[in-house]
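Contents: one structure, followed by commentary.
The values are calculated or read from the model by the stated rules, or taken from the named source; none is laboratory data. Quick caveat: nothing in here was measured; it's all calculated off a predicted structure. Positions of Cβ are generated from backbone atoms using ideal geometry, with glycine treated the same way; all protein chains shown enter the neighbour counts. Each accessible area value is taken on the protein alone, full model and side chains, heavy atoms only, with ligands, DNA and RNA left out. Shrake-Rupley method; radii C 1.70, N 1.55, O 1.52, S 1.80 Å.
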Amino acid sequence: MEPLYKPQGVEERWQRTWEEEGLYEADPDSSRESFAIAHPPPNVTGDLHLGHALQLSLADTIVRTRRMQGFNVLFQPGYDHAGISTQNAVEKHLASEGKTRHDLGREAFEARVWEWLHEYGGKIMIQFRRIGASLDYRRERFTMDDDYVRAVMHFFVHLWRRGWIYRANRIVNWCTFHRTSLSDLEVAHEDVDDALTYVRYPFADGDGHVTIATARPATILADVAVAVHPEDERYREAVGREVVVPFVGRRVPVIADERVERGFGSGSLKVTPGHDPLDYEIGRDHGLPELTVIGLDGRMNEWAGELAGLSQAEAEERVLAWLKEHDQLEKRESHRHTVALCDRCKTRIEPLISLQWWCAMDELKRPALEALRSGRVRFHPESQHRFAIDSLENAPDWNISRQIWWGHQLPLWECPDGHVTVTEPEPEPESCGVCGSRELTRSTDVLDTWFSSALWPFATLGWPDDTPDLRAFYPGDMNTTARDIIRLWENRMIFAGLEVMGDVPFKDVVIHSLVHAPSGGRMSKSLGTGMNPIAQIDAHGADATRYGLMKMASSQDVSFSEGAIEEGRKLANKLWNVSRLILQASEGAVPDERPATLEEHWILARLSSTQRAYEQHLEAFDFSHLVVDLYRLTFDDFCDWYAEAVKQRLYDGDADARATALAALERLLKLLHPAMPHVTEEIWSYLPARDSRLIVAPWPEVGDETRAAVLDAVKEAAAIFRRSGVLPRLEVEEQRIFDAVVKPERAKANGSADAELTRLRSEVERGERMLANERFVANAKPEVVEVEREKLARYRRELDALERV
Ligand SMILES: [Zn+2]
Ligand SMILES: [Zn+2]
C-alpha cells in the first residue's frame, strides 16, 4: 500500500471495474427479494449540480447497503427530454447562427434537436459515474425512446377513454417568446419598477366617476367591469351602477367582490378577465364576458381596433394620450411590484385565456390521496408528507398541452367538422371516429414534460407490456428529490402508478435539503455562487464529496461547507493509515474474530452498536447522523483507541490479536463502504483471503449475544464508575478499559480515570474560552484558530466517549 492515499485514479479504476464486472446489474430472474429505486432522470442537456450529487450520495448509500444485505437491487438511470428547456438550449444555438426555429420548420427543427442531443446531450451519466453512483447503466432510458413514447401515448389514450381529458378555455401563463403555456412552476418572479396609473371611469348615468389604478393601461380596452370591496364605504353608492370604459366607450357594471384589496391604489379594481388571473376568477364567478386585446405574440390583436398590431408599450402611449386629452388621467406614481417571467427566456409572462387540453383530477387523485393518508406512501420528513397531501387535495385540473415543438405530440386528430379522434399513433388513424371523414389533422401540441415523467417508475420497466422487469421491480421502494417537485412529479407518479399498475410506485419519498451558497444565498451559476461538484471530486475525491454532502444533508436547508468535504478526506486518509498499520503488522494472518482482551471485546461491541445505529439512521433517512457516527467509530474508537491499544501486541506477533484486528478492520470497511465506496474497496483488495469484491460482500450479522453481553458489561462498569468516581466492583475490567482505550494516548496522565476526566474537562473549558475570545479569533492566523478548533472538538469527543464508554 502507498504511504499516502490519493483518490485520483483509484476512484476511476474502481468505477470501471465494478461496472465491467457487472456488479451494478439488476437481475429480473433472481429469486432474491428486490430493492428498486428509479432515480430521478436529469435533463438530457444537464450538467451535474450539487442537488444531483446530494441525491445520488443519499440514494447510492441506501442502494449499496441493500445490495450488501443481499437484495436484488435495481438502481435505474435515465434522462428526461425536458421539453422547453431543451428546446430553449437549441433555439439559443440557432440564434447564434441568426436563425429561429420558424426558419427551419417543425420537422427540420426536431431533427436539429436530435443532432444537437447526440453532440451535447447525455454527458451527465458520465458525471453520475464519477460520484460512484452504482446505477445499472446498461438500462439507461430516455423519455423520447421509441418504447417510452409508446408508453406515453398509451397513458394518454387510457385517460381519454376514462373520459378525463377535455379541452377548455382557461387563463394560462403564456410566454410570448416560446409561444406556449407554462405551469406556475416554470415561471420566475422578479421585482420591477413600473408606473401606477390612476384613471377616472365616469358613471354612465350622470355625474361623478370611479377612479381605478392600473399598471397596465393598454389592457383597459378589455375591461368588462369595475370591482370594489363590499364593505368599502367609499363605493357603497357605486355598486350596481354602470361606468364607461375609457377609449372604447363600453358601459360596464360596478360589482362588489371580497377579493378586491381596499388598501391598494384607489381601492377599486378594473376587471380584465382576459389578461389577469385574479380578474379571470372574479369574472367567472360573476358571469362576465372574457375579452382579449393582446395576442399570442404579445402585441395588440384584432380586437384592439385601431391599436391592432401595436406593441403594448405603443398602445399604452396611445391610451395615456387619450386619457390626458379627455381629462380622465388623475395621476401617475411610481410602483414597485413583482412580475412573472418565463423561467427560461425571462420574457414577461402574459396571462392569456387560451384553449388548452386538461386532465381532470378529481377521480385520478382519489386513490393517491388514500395511499398518502394511510401511509402506504410516506414522505420524509413528516412536514413534507402533509404538504404532499395538501397539494394533492388542492390540485386543480392539469394543463397537459404545450405549444412547443420538442416533446410528445398529442395522439389526437381533428376532422374539418371538429370531431376529435384519439388513438395510439402507430398506425395513424385513417378516418374520423365520428363522421368517417378522411381529412384528419393531428394536433400540433405536445404534452407537458411531467406527463411523461409521471410514468418513470414503470415505463422504464417496459410498461405497457407485461415484462419480467416489471414483475420483478414494481412497485419500487423509494424515491429521493427536492421539495419543489413534490406537486410536479412525486404526486403524479403516485396517481399514475395507482391508475395503471394498481399499486403505488414506492413506499418512501425522501425530500432532501437544498444546499445554499456558503454566504447563505441561493446557489446560481449566473451569480457565480454555483458549486461544481465535479471540482470537489477532482480536489478531494468522490468519497469525501459524498461524505461531506451527507453530513450537510438534513431536512433544513443548509449552507454549503467545503469543510465537511475536507473532513471526509481526512477520514479517508485516517482509514488508509490505520489499515496500512494493521495490514503490515499482521502479515500472514487471516481475519478471524478471536477477542481475548477487553479492548478487543470493546471494539467489536462498538462495531455492532454503530451498525445498529447505522441501520436505524438509514430507516429514518437520517444521513447526517449516519456519517457522523461512522466518523466517530473510525476516527476515535477504531484508530485512536483500539489501534493504539492493540498495536504492540500486533508487533509482538500475537496471532489472536492479528486475526482479530483484520476481522475488525473487515467489519469497519463494510460499514463504511456504502458511504465511501472507493477507498474501502481499495483497502479491501489488500486484505488476505478475499472471495468477493466489497461492493457485494455480505453485510455483517449483528445481535450476537456474546457481543451484546460484552457491551453491557462495559456500559455497566462505566455507569458505576460515573456514579461513584471510584472503582467498586468490576474494577479490574474498568481499569483495563481505561488502560486500553485511554492510556496509550495519555502516557503521561496519572492513570486515574477521575484525573483524566478532570483534565479533559479543563482542556474543553480552556478551548472554549479561547475561541470565545473575539480578539484572538480576529487576530490570530486562520491556521492557528483552526488548530484550536480541532483540538477542542477532539477533547469534546474524548470526554464524551469516556463518559459514555
Ligand atoms: Zn419563454
Ligand atoms: Zn368528423
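Points to keep in mind about this one:
- Residue count, the range 186-221 (criterion: under 30 Å from H102 (Cα atoms) and open to solvent by less than 30 Å² (accessible area, probe 1.4 Å)): 4
- Filtered residues of the range 484-509 (kept if in contact with a strand residue (DSSP E or B) (Cβ under 8 Å, 6 or more places away or on another chain) and open to solvent by less than 10 Å² (accessible area, probe 1.4 Å)): I486, W489, E490, M493, P505, F506, V509
- Once the range 87-105 is narrowed to residues that are in a helix (DSSP H, G or I) and among the charged types (D, E, K, R), the residue that is farthest from E12 (Cα to Cα) is D103.
- Subset of the range 288-318 that is more than 12 Å from T176 (Cβ to Cβ) and among the acidic types (D, E) - its residue that is surrounded by the most Cβ atoms within 10 Å (Cβ to Cβ): E316
- Apart from one condition, F247 fits all of (1) under 26 Å from R336 (Cβ atoms); (2) assigned to a loop (DSSP other than H, G, I, E, B); the exception is (1).
So that you can scan it fast, the table gives a plain yes or no per residue for (1) of a type in the set (S, T, Y); (2) in contact with a strand residue (DSSP E or B) (Cβ under 7 Å, 6 or more places away or on another chain); (3) within 30 Å of T17 (Cβ to Cβ); (4) at pLDDT 60 or above:
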{"site": "D704", "(1), (2), (3), (4)": "no, no, no, no"}
{"site": "G725", "(1), (2), (3), (4)": "no, no, no, no"}
{"site": "S752", "(1), (2), (3), (4)": "yes, no, no, yes"}
{"site": "P782", "(1), (2), (3), (4)": "no, no, no, yes"}
{"site": "E786", "(1), (2), (3), (4)": "no, no, no, yes"}
{"site": "E790", "(1), (2), (3), (4)": "no, no, no, yes"}
{"site": "R797", "(1), (2), (3), (4)": "no, no, no, yes"}
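- Counting only helices (runs of 4 or more DSSP H) that fall entirely inside the range 371-479 and contain at least 3 residues that are at pLDDT 95 or above and more than 22 Å from the chain's Cα centre (by Cα), the qualifying elements are 468-473.
- Any chance E107 is buried (at least 21 other Cβ atoms within 10 Å of the Cβ), without any contact (Cβ under 8 Å) to a residue 24 or more places away in the chain and either farther than 30 Å from A553 by Cα or touching a Pro at 6+ places or on another chain (Cβ under 6 Å) (or both): no
- Residue among A605, A645 that alone is open to solvent by less than 10 Å² (accessible area, probe 1.4 Å) and either assigned to a helix (DSSP H, G or I) or touching a Cys at 6+ places or on another chain (Cβ under 9 Å) (or both): A605
- In the range 238-263, of all residues being among the charged types (D, E, K, R) and at pLDDT 90 or above, the one that is surrounded by the most Cβ atoms within 10 Å (Cβ to Cβ) corresponds to D257.
- Residue within the range 326-333 that is part of a strand (DSSP E or B), open to solvent by 80 Å² or more (accessible area, probe 1.4 Å) and either touching a Gly at 6+ places or on another chain (Cβ under 8 Å) or away from ligand 2 (no atom under 16 Å from the Cβ) (or both) present: yes
- Tallying residues that are within 26 Å of F35 (Cβ to Cβ), free of Cβ contacts under 8 Å to residues at least 60 places away in the same chain and open to solvent by 50 Å² or more (accessible area, probe 1.4 Å) within the range 110-144 yields 1.
- Residue in the range 631-684 that is farthest from Y614 (Cα to Cα), counting only those that are in contact (Cβ under 8 Å) with a residue 60 or more places away in the chain and among the polar types (S, T, N, Q): T660
- Considering (1) at pLDDT below 90; (2) within 16 Å of ligand 1 (Cβ to nearest atom); (3) out of contact with any Lys or Arg (no Cβ under 8 Å at 6 or more places or on another chain), the lone condition that P351 does not fulfil carries the number (1).
- The residue that is farthest from ligand 1 (Cβ to nearest atom), among those in the range 415-447 that are open to solvent by 60 Å² or more (accessible area, probe 1.4 Å) and in contact (Cβ under 8 Å) with a residue 40 or more places away in the chain, is E426.
- Failed criterion for S183 (all others in (1) away from ligand 1 (no atom under 16 Å from the Cβ); (2) surrounded by fewer than 22 Cβ atoms within 10 Å (Cβ to Cβ); (3) of a type outside the set (D, E, K, R) hold): (1)
- Residue that is nearest to ligand 1 (Cβ to nearest atom), among those in the range 383-413 that are open to solvent by 30 Å² or more (accessible area, probe 1.4 Å) and within 20 Å of V152 (Cβ to Cβ): Q403
- Within the range 252-278, being in contact (Cβ under 8 Å) with a residue 24 or more places away in the chain and not in a loop (DSSP other than H, G, I, E, B) holds for V252, P253, V254, I255, A256, S268, L269, K270, V271, P277.
- Residue count for the range 1-20, restricted to those that are out of contact with any helix residue (DSSP H, G or I) (no Cβ under 7 Å at 6 or more places or on another chain) and within 24 Å of K123 (Cβ to Cβ): 7.
- Some residue of the range 61-74 being open to solvent by less than 10 Å² (accessible area, probe 1.4 Å) and small (G, A, S): no
- Count of residues meeting criterion [open to solvent by 30 Å² or more (accessible area, probe 1.4 Å), of a type outside the set (D, E, K, R) and without any contact (Cβ under 8 Å) to a residue 12 or more places away in the chain] in the range 372-382: 1
- Residue among I62, I84, I37 that alone is outside any loop (DSSP other than H, G, I, E, B), in contact (Cβ under 8 Å) with a residue 40 or more places away in the chain and under 23 Å from P468 (Cβ atoms): I37
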